[in-house]
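K.L.:
Once you've had a glance at the structure underneath, I'll fire off some questions.
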Amino acid sequence: MAQATLTISSKNYSSWSLRGWLLCRMAGLDFVEILVEMDDEARQELLLLSPSVLVPRLTHNNVAVWDTLAIAEYLHEIYPKAGLWPTNQAARARCRSISGEMHSGFHNLRSALPMNLKSTHASFKIFSGARPDVERIKTIWTECLEESGGPWLFGTEPTVADAMYAPVCSRFRTYSVALEPLLAAYAKTVLSWPLMAEWTAGAMAEPDEIIELEVEF
């Protein structure tokens with residue numbers, strides 16, 4: 001049986017690669033990383049691998065899955081006991097809803113606060129268009145943590161939602177976004193997660209320069 005592969009881009013900049021990688025590790029999937037440098041030639045190469053230039057892209061048992069939420073659902077199907085989604089139906093519905101909201105929304109946040117694990121700003125002025133996104137995320141986190149008791153969004157173990165919002169925790173640290181104690185504790189939980197530490201170490205080992213893309217990847 002061919003080993004699973006996960007095609008990703010920069011560990012320092014690619015929030016979607018981080019999400020897909022976390023999901024695969026959370027599921028316990030044994031996989032090999034394929035790093036694609038996102039210059040023009042690599043874009044063309046990746047288009048041959050997938051109908052979308054976006055990463056991540058999981059290949060497992062001759063099945064190709066791209067799009068982070070599709071990867072989450074695929075992993076849940078093959079590893080149903082991994083706990084990617086909450087067992088409680090109502091919690092699972094909320095988890096899917098806020099994961100979908102992260103997946104399809106917060107465009108101003110993505111533009112104003114791009115992921116950059118190597119960078120920190122002692123102070124950073126967030127433009128007005130991104131502030132509602134920041135406040136909405138704070139509301140989501142507060143509601144989930146108050147309902148579940150934490151330390152993760154849905155209780156004692158990380159779920160798909162935590163993988164989806166992990167890059168946001170890094171953004172808030174990079175750009176010194178002020179957080180209330182409950183939310184600061186959650187962000188600390190995510191950023192001290194051994195999986196995040198492993199990914200961050202890979203990001204720190206990357207070259208400092210990268211070809212900039214026109215959209216988040």
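K.L.:
Report the FRET efficiency, 1/(1 + (r/R0)^6), for residue 93 and residue 62, where r is their Cβ-Cβ distance and R0 is 22 Å, rounded to 0.05.
P.N.:
Rounded to the nearest 0.05, the efficiency is 0.10.
K.L.:
Set the Förster distance to 30 Å, then compute FRET efficiency between residue 157 and residue 122 from the Cβ-Cβ distance, nearest 0.05. Walk me through the numbers on the way to the answer.
P.N.:
Numbers: r = 34 Å, r/R0 = 1.13.
Result of the calculation: an efficiency of 0.30.
K.L.:
For the chain, what ratio Rg/Rh do Cα atoms give with a Kirkwood hydrodynamic radius?
P.N.:
That ratio equals 0.95.
K.L.:
Tell me the mean residue ellipticity at 222 nm calculated for the chain from its helices only (DSSP H runs of n ≥ 4, each -39500 (n - 2.57), averaged over every residue, nearest 500).
P.N.:
Computed mean residue ellipticity for the chain: -16000 deg cm²/dmol.
K.L.:
Here's something else I'd like to know. Run the reach check for residue 188 against lysines, Cα to Cα strictly under 18 Å, same-chain hits fewer than 8 apart removed. What comes back?
P.N.:
Straight-line reach from residue 188, under 18 Å: 118, 138.
None of the figures in this text is laboratory data; all of them are computed from the coordinates on show. Just so you know, these numbers come straight off a predicted model, no measurement behind them. FYI the Cβ positions are ideal-geometry reconstructions off the backbone, even for glycines, and counts take in every protein chain you see.
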